[in-house]
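Below is one structure, written out as structure tokens; comments come after it.
The values are calculated or read from the model by the stated rules, or taken from the named source; none is laboratory data. Small disclaimer: the values here were computed from a predicted structure and weren't measured. Note that we place each Cβ from the backbone using ideal geometry, even for glycine, and neighbour counts take in every protein chain shown.
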Amino acid sequence: MPAGKHKSRSMRRIFVRTPGSKTVIHYKARKPAKAHCTGCYRVLAGVPNAGVATMRSLPKSQKRPERPYGGMYCTVCTRRILQVKARAGGVQ
């Protein structure tokens, strides 16, 4: 019988074959999903895919890129947004 903490689906079940030809289950914490661009849904570069404890210990400059809309939009969408704002005279 698994321990109570292993009963939830927040833990991944990994089936491991032992040298004695037995299959046992190892439990591992799931990794969080990768960050996506809010415009085109492309996976963002420069944003770590780490757990909560690791992200908490990182400095702010390593949690997301140091540019306008960093961590929200990819570089292509950011460039497009800034061009639109520049054409409109910064009003939007």
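Could you list all residues from segment 1-58 that are among the polar types (S, T, N, Q) and modelled with pLDDT under 90? Outline the logic, then answer.
Step one: filter segment 1-58 for residues among the polar types (S, T, N, Q), giving 8, 10, 18, 21, 23, 38, 49, 54, 57.
Within segment 1-58, 8, 10 meet the criteria.
The set of residues from segment 37-64 being free of Cβ contacts under 8 Å to residues at least 12 places away in the same chain and either of a type in the set (S, T, N, Q) or in the same structural domain as residue 6 (by TED's automatic domain parsing) (or both) comprises 54, 57, 61. The selection criterion, being among the small types (Gly, Ala, Ser) and over 24 Å from residue 10 (Cα atoms), holds for residue 71.
Here residue 27 meets the list (1) in contact with a helix residue (DSSP H, G or I) (Cβ under 6 Å, 6 or more places away or on another chain); (2) exposed (fewer than 13 other Cβ atoms within 10 Å of the Cβ) almost entirely, failing just condition (2).
Against the test of being touching a strand residue (DSSP E or B) at 6+ places or on another chain (Cβ under 9 Å) and surrounded by 14 or more Cβ atoms within 10 Å (Cβ to Cβ), the options 35, 50 yield a single qualifying residue, 35. Please tell me if residue 41 is loosely packed, with under 15 Cβ neighbours inside 10 Å and aromatic (Phe, Trp, Tyr). For residue 41, the condition - loosely packed, with under 15 Cβ neighbours inside 10 Å and aromatic (Phe, Trp, Tyr) - is met. Checked against the criteria, residue 85 does not count as assigned to a helix (DSSP H, G or I) and touching a Phe, Trp or Tyr at 6+ places or on another chain (Cβ under 9 Å).
Only residues that are assigned to a loop (DSSP other than H, G, I, E, B) and under 11 Å from the mean Cα position of the chain (by Cα): list them for segment 1-36, please. If the condition is that a residue be assigned to a loop (DSSP other than H, G, I, E, B) and under 11 Å from the mean Cα position of the chain (by Cα), then 31, 32, 33, 34, 35 are the ones that fit.
When residue 32 is tested against (1) touching a Gly at 6+ places or on another chain (Cβ under 9 Å); (2) on the phi > 0 side of the Ramachandran plot, only condition (2) is not met.
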